[in-house]
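Presented below is the structure to which this report refers.
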Amino acid sequence: MATKSQVFELHDDPSQMEPLLPGELRQGPLLERAHDLRRAADQLAGLCRPGALGGLRLLLRAMNSYYSNKIEGQHTLPLEIEQALRNDYSHDQDKARRQRLAVAHMATEQRLEAQWQNWTMAQVWSAQMVRDIHQDLFARLPEGDRAPPKGELLVPGVLRDCDVSVGVHAAPSHKAIGGMLERWGGFYGAVRRGELQIAAAAASHHRLAWIHPFRDGNGRVARLHTHLVLGKLGLTNGLWSPLRGFARSHEAYYARLAAADEPRAGDLDGRGNLSERALVEWMAYTLELCLDQVYFMTGLLDLAGMKDRIAACLAFEEQVLKQGVRAASLRGLHYLFATQSELERSEFKAMLGLGDRLATAQVSALIKRGLLVSDSPYGKLRFGVPQHALRFYFPKLWPEAEAGATP
């Protein structure tokens, strides 16, 4: 039987993570799903112009951070994330640490979304980008959050300098990580065909996790990198992410990842060191999951359906909560959502059909409830998406936030 050191030595060669893509004979169904994903993503992009609906995008980043924590078994309540964004951290140190991690994830995701149009594909797929994501995420945390009870301090952006096992997977030797990352990025970054590049994004997620380049944070970095690649390919427009799907099927997520770690099972299982069949199954799972997320968001952004959901939210506000919000705000709120624009306060008030005093009070009530957003006391108004309105505006998008939201 091979010793542990001999097992690690087997992984010193970058070819040990082959195949990086399945052979052409097995690519057909994957390319069909990638084509479907491209078409569905284009349709979704047509419903929301870049940079619009900032409240929704902020909420989606909070949701992604919540689900990333959940995948890692570091559960953070949606309300706790909302409180952390107001700089209101728990007195419980472990909860506060998880809150800081969630906020850091949001900030890193926002940075990636702000920059991905400026980066070349070579930069997106570079080993340096992988290190930069790790650096950006964990450098936002205080040193105490990066020092586990047992183990060494996690240094942001620094590749691991020791050999590790993850479950039954013996990760490559730390001496091989640099070469592995160069091979990983050089290969996937050179894939040019549209559908094949989308399929490559799915495959690369597993292979990056397989390399396990850091002491800790590898899953978070792999998921953020996949989010970056899909955004760079023009598929997400900041409106969806596979993180929600991964977390909501986390048992399948881990099972598919682990299966793709397995060595080739005989001559009919491809020609590389790792199982081609398991890689195909991982890619099919990921592409199907992405397509499901796009379809789901497309349904939520339907204009006619959204008008009904805004009306239901306003009816609840007026008849149950009675905090000053009126159903008369429907026209103005739906206009802001439909046009994805902003309005001068005088323009919004004119759409309410109320007198000036009542209209002014209505704007104040809507802002207080987060249904309108403004950058200043007299600034323009934008459509807001507070957590308490989730169950009306975007039902089932983030069920945990719906259940825990304060009315």
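The values are calculated or read from the model by the stated rules, or taken from the named source; none is laboratory data. Computed from a predicted model, the values in this text were never measured in an experiment. A quick note on method: Cβ atoms are made from the backbone with ideal geometry, for glycine too, and the neighbour counts reach across all protein chains shown.
Residues being touching a helix residue (DSSP H, G or I) at 6+ places or on another chain (Cβ under 6 Å), among the small types (Gly, Ala, Ser), assigned to a helix (DSSP H, G or I) and within 25 Å of Ala107 (Cα to Cα) are represented in region 174-185 by at least one member. Take the conditions part of a helix (DSSP H, G or I) and either in contact with a strand residue (DSSP E or B) (Cβ under 7 Å, 6 or more places away or on another chain) or not hydrophobic (A, V, I, L, M, F, W, C) (or both) and apply them to Arg256. Does it pass? So Arg256 fits the description; yes.
Taking region 1-22 on its own, how many of its residues are at pLDDT below 95 and either more than 26 Å from Gly186 (Cα to Cα) or touching an Asp or Glu at 6+ places or on another chain (Cβ under 7 Å) (or both)?
Within region 1-22, the subset at pLDDT below 95 is 1-18.
So of that shortlist, the ones also either more than 26 Å from Gly186 (Cα to Cα) or touching an Asp or Glu at 6+ places or on another chain (Cβ under 7 Å) (or both) come out as 1-6, 8.
Qualifying residue count, region 1-22: 7.
Of all the residues that make up region 369-397, how many are more than 23 Å from Lys307 (Cβ to Cβ) and either more than 28 Å from the chain's Cα centre (by Cα) or among the polar types (S, T, N, Q) (or both)? Quick ask: steps written out before the conclusion?
Initially, region 369-397 is screened for residues more than 23 Å from Lys307 (Cβ to Cβ), giving 375-379.
Then keep just the ones that are either more than 28 Å from the chain's Cα centre (by Cα) or among the polar types (S, T, N, Q) (or both); that gives 376-379.
Selection size over region 369-397: 4.
Scanning region 295-320 for residues that are in a helix (DSSP H, G or I) and charged (D, E, K, R) turns up Lys307, Asp308, Arg309, Glu317, Glu318.
Hey, can you tell me all the residues within region 55-70 that are over 14 Å from Ser241 (Cα atoms) and either at pLDDT 90 or above or in contact with an Asp or Glu (Cβ under 7 Å, 6 or more places away or on another chain) (or both)?
To start, the set of residues in region 55-70 that are over 14 Å from Ser241 (Cα atoms) comprises 55, 69-70.
Result: Asn69, Lys70.
Of the residues that make up region 276-294, is at least one surrounded by 22 or more Cβ atoms within 10 Å (Cβ to Cβ), under 13 Å from the mean Cα position of the chain (by Cα), part of a helix (DSSP H, G or I) and not hydrophobic (A, V, I, L, M, F, W, C)? Yes. May I ask you to verify whether Ala247 is surrounded by fewer than 22 Cβ atoms within 10 Å (Cβ to Cβ), under 15 Å from the mean Cα position of the chain (by Cα), aliphatic (A, V, I, L, M) and assigned to a helix (DSSP H, G or I)? It is true that Ala247 is surrounded by fewer than 22 Cβ atoms within 10 Å (Cβ to Cβ), under 15 Å from the mean Cα position of the chain (by Cα), aliphatic (A, V, I, L, M) and assigned to a helix (DSSP H, G or I). Filtered by the rule that a residue be among the hydrophobic types (A, V, I, L, M, F, W, C) and over 15 Å from Thr226 (Cβ atoms), region 125-139 gives Ala127, Phe138, Ala139. Report whether or not Thr286 is in the same structural domain as Leu53 (by TED's automatic domain parsing) and among the polar types (S, T, N, Q). The answer is yes for Thr286. Taking region 58-83 as the range and being within 17 Å of Leu390 (Cα to Cα), of a type outside the set (Asp, Glu) and over 12 Å from the mean Cα position of the chain (by Cα) as the test, the residues that pass are Leu77, Pro78, Leu79, Ile81, Gln83.
Checking Leu358 against (1) closer than 30 Å to Met297 by Cα; (2) surrounded by fewer than 21 Cβ atoms within 10 Å (Cβ to Cβ), which single condition isn't satisfied? So the condition that Leu358 fails would be (1).
Residue pairs whose Cβ atoms lie under 7 Å apart, separated by 6 or more positions or on different chains, with the first residue in region 194-211 and closer than 14 Å to Val124 by Cα and the second aromatic (Phe, Trp, Tyr), are Ala200/Tyr188; Ser204/Trp184; Ser204/Tyr188; Leu208/Trp184. Scanning region 34-87 for residues that are basic (Lys, Arg) and part of a helix (DSSP H, G or I) yields Arg38, Arg39, Arg57, Arg61, Lys70.
If the condition is being touching a residue at least 40 places away in the same chain (Cβ under 8 Å) and in a helix (DSSP H, G or I), then region 321-331 contributes Leu321, Ser329.
Note on region 8-64: among residues that are buried (at least 16 other Cβ atoms within 10 Å of the Cβ), polar (S, T, N, Q) and out of contact with any Ser or Thr (no Cβ under 7 Å at 6 or more places or on another chain), the one that is farthest from Ala405 (Cα to Cα) is Gln16.
Applying the selection to region 121-159, what residues are of a type in the set (Gly, Ala, Ser), surrounded by 16 or more Cβ atoms within 10 Å (Cβ to Cβ) and not in a loop (DSSP other than H, G, I, E, B)? Answer for region 121-159, where residues must be of a type in the set (Gly, Ala, Ser), surrounded by 16 or more Cβ atoms within 10 Å (Cβ to Cβ) and not in a loop (DSSP other than H, G, I, E, B): just Ala127.
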